[in-house]
Amino acid sequence: MRSAIVVGEPEAAPAGGGSTEVAMLGRLILVAALVQALAACALAPTPEPTPTPATWTEPAAYSFVLLSQCGERSLIGRFRVRVEGHVTVGFERLDESAMAFQGTAEDLPTLGRLLDLASEARARGADVVNVTADPVDGHPTRVEIDWQAKAIDDEECYAVSDYAPG
C-alpha cells in the first residue's frame, strides 16, 4: 500500500513517458523543503536586546588615564588626569610620547570636554565621530573624530581607562 500527499490537481503524464507519481514526488519534496525552511526560521534564536548604556553625569571630581593618539597634535601620549570642579587640575605623563607634551593641565580635556568635542564635531559636519561608553556607568571610554576622511593627520583618538570618581 502506498500513500501520497497530493498538492493541487494531478498532472497529466509528462511527455516522454513519466508518471504523475514522479511529479507528485517532486512536489512533495518541494513542500517538505519549504516546511523545513519555515521551521528553521521559527526556531532561530531571537537576538538579545542591546542594553542601553547608563546615562553618565560628569562628577565634579574624578581621575582617569587618557591615551591620546592619531593626528599631528601636541597632545599625544598616555596621561593620568585629575579633575576637580569639572576642571583638569593636574596630570602625570605616563609614556615616552607624553614626555614630549609641553602643555599645561588646562590643555588636557576632562571627560565632559571630550563629549563636548564629539558634539561639536558632529555639529560642524566631521566625517567620522564615534563615542563609546562604559556599559555600567556610561562614562566615555573612547572618542574618535576624523574631521575629513580623505585628509591625513586631522584625526583625534582618545581612549579612557582607570576611571575613578571622587
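Every read-out reported here was derived from the displayed coordinates using simple, explicitly stated rules and does not represent laboratory data. No experiment lies behind these values; they were computed from the predicted model shown. Quick reminder, even Gly has a Cβ in these numbers, built from the backbone with ideal geometry, and neighbours come from all protein chains shown.
Is it the case that the range 92-105 has a residue that's of a type in the set (Val, Ile, Thr), in a loop (DSSP other than H, G, I, E, B) and within 28 Å of the chain's Cα centre (by Cα)? Working first, answer last.
The first filter runs over the range 92-105 and keeps only residues of a type in the set (Val, Ile, Thr), leaving 104.
Checking the rest, the ones that are also in a loop (DSSP other than H, G, I, E, B) come to 104.
Of the ones still in play, those that are also within 28 Å of the chain's Cα centre (by Cα) are none.
No; the residues of the range 92-105 include none that is of a type in the set (Val, Ile, Thr), in a loop (DSSP other than H, G, I, E, B) and within 28 Å of the chain's Cα centre (by Cα).
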I need every pair where a residue in the range 60-78 that is of a type in the set (Lys, Arg) has its Cβ under 7 Å from the Cβ of a residue that is part of a loop (DSSP other than H, G, I, E, B), sequence separation at least 6 or different chains. Arg78/Leu94; Arg78/Asp95
Kindly evaluate Gly90 against the criterion of being touching a helix residue (DSSP H, G or I) at 6+ places or on another chain (Cβ under 9 Å) and more than 13 Å from Ser68 (Cβ to Cβ). yes
Checking Asp153 against (1) exposed (fewer than 12 other Cβ atoms within 10 Å of the Cβ); (2) closer than 23 Å to Thr88 by Cβ; (3) of a type in the set (D, E, K, R), which single condition isn't satisfied? (2)
Going through the range 106-133 one residue at a time, which ones are of a type in the set (S, T, N, Q) and assigned to a strand (DSSP E or B)? Asn130, Thr132
